[in-house]
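Bear in mind that the values in this text are calculations on the coordinates, not laboratory data. No experiment lies behind these values; they were computed from the predicted model shown. Don't worry about glycine lacking a Cβ; one is built from the backbone with ideal geometry, like all the others, and counts go over all protein chains shown.
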Amino acid sequence: MTPAREALARLRAGNQRYVTGAFDRAGQVGQARREELLGGQRPFAIILGCSDSRVPVEIIFDQGLGDLFVVRVAGNVAAPAQTGSIELAVQHCGARLVVVLGHTRCGAVQAAFDALDRPQEPLSPGLREIVDRIDPLLTGLLATDLRYDQEALLHEAMLANVRATTDRLRQDSAIIAHAIQRDGLLVVGAAYSLATGVVDFFDGVPSDA
């Protein structure tokens, strides 16, 4: 079992390799690695990320088969299925780090703004479930001067959505709360820059990590 702070350091180091291009994936995804994993999985971190095709989690952290337990959904929201998937990994895979990973120019966050601007346009039930989890975060932001800067507004909404999701996981899941209190689990928020490739860990990160 990898302690949370060590797992966080591994993710940071992997992202640095990705950003600089100093990585070699041959040993991470080959036949030997597949055979190692036949008996089970022990991922060192859990990532709740967005489904955006520009944010492939294993690649941006330079990790291979069996390293990360990845849950992806548009807008990196924590609906029951996503929360349950994370609980499964906490209980049965032994991971002690959960990262909620947002990203710049998130289409799901933009869709939530669009739904507020054009409430008369119907959304599918599935998309409505995602948007409804983001909408409550937007009202306060729209009451500030950010409403005059669309790009800054979208960015701050993405960060707010990450923070809301990390809070929801910490507070609403008894399994996750127990693991935080008893097993040293960390739930942190991060943001990926499409422009630079850098992941910034900004929410819930201990000062010594």
Checklist line | Ratio of the Cα radius of gyration of the chain to 2.2 N^0.38 Å, where N counts its residues | finding: 1.05
Next item on the list: Mind giving me the nanometre distance, one decimal, between the label points for Thr139 and Gln28, set 7 Å out from Cα along Cα→Cβ?
Entry: 4.3
Next item on the list: Estimate the FRET efficiency between Gln16 and Gln120 by the formula 1/(1 + (r/R0)^6), using the beta-carbon distance for r and 45 Å for R0, to the nearest 0.05.
Entry: 0.45
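Rounded to the nearest 0.05, what FRET efficiency do Glu129 and Asp172 have when you use their Cβ-Cβ distance and R0 = 22 Å? The partial results should precede the final answer.
Numbers: r = 16 Å, r/R0 = 0.72.
The formula returns an efficiency of 0.90 here.
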Margin query: Neighbour counts of other C-beta atoms within 10 Å: give me His178, His155 arranged from fewest to most.
Written below: His178, His155
Item checked: Relative intensity, log₁₀ I(q)/I(0), of segment 138-188 from a Debye sum that treats every alpha carbon as a point, q = 0.18 Å⁻¹ -> -0.62
Notebook entry, point to check: From the square roots a ≥ b ≥ c of the eigenvalues of the alpha-carbon gyration tensor of segment 100-152, which class results: rounded (a/c under 1.5), prolate (a/b over b/c), or oblate?
Noted result: oblate
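Please report the relative contact order for segment 4-203, taking Cα pairs under 8 Å with a sequence separation of at least 6, and give it as a percent rounded to a whole number.
25
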Next item on the list: Report the full-extension gain for the segment Arg5 to Val198: residue separation times 0.36 nm, less the Cα-Cα distance, to one decimal in nm.
Entry: 67.6 nm
Next item on the list: Report the FRET efficiency, 1/(1 + (r/R0)^6), for Gln110 and Val205, where r is their Cβ-Cβ distance and R0 is 30 Å, rounded to 0.05.
Entry: 0.65
Check: Where does each of Ser207, Ser85, Ser193 land when they are ranked from fewest to most other beta-carbon atoms within 10 angstrom?
Finding: Ser207, Ser193, Ser85
Next item on the list: Compare the Cα positions of Phe113, Gly49, Ala22 along the charge dipole of the chain (+1 at Cβ of Lys, Arg; -1 at Cβ of Asp, Glu; about the Cα centre) and return the one farthest towards the positive end.
Entry: Ala22
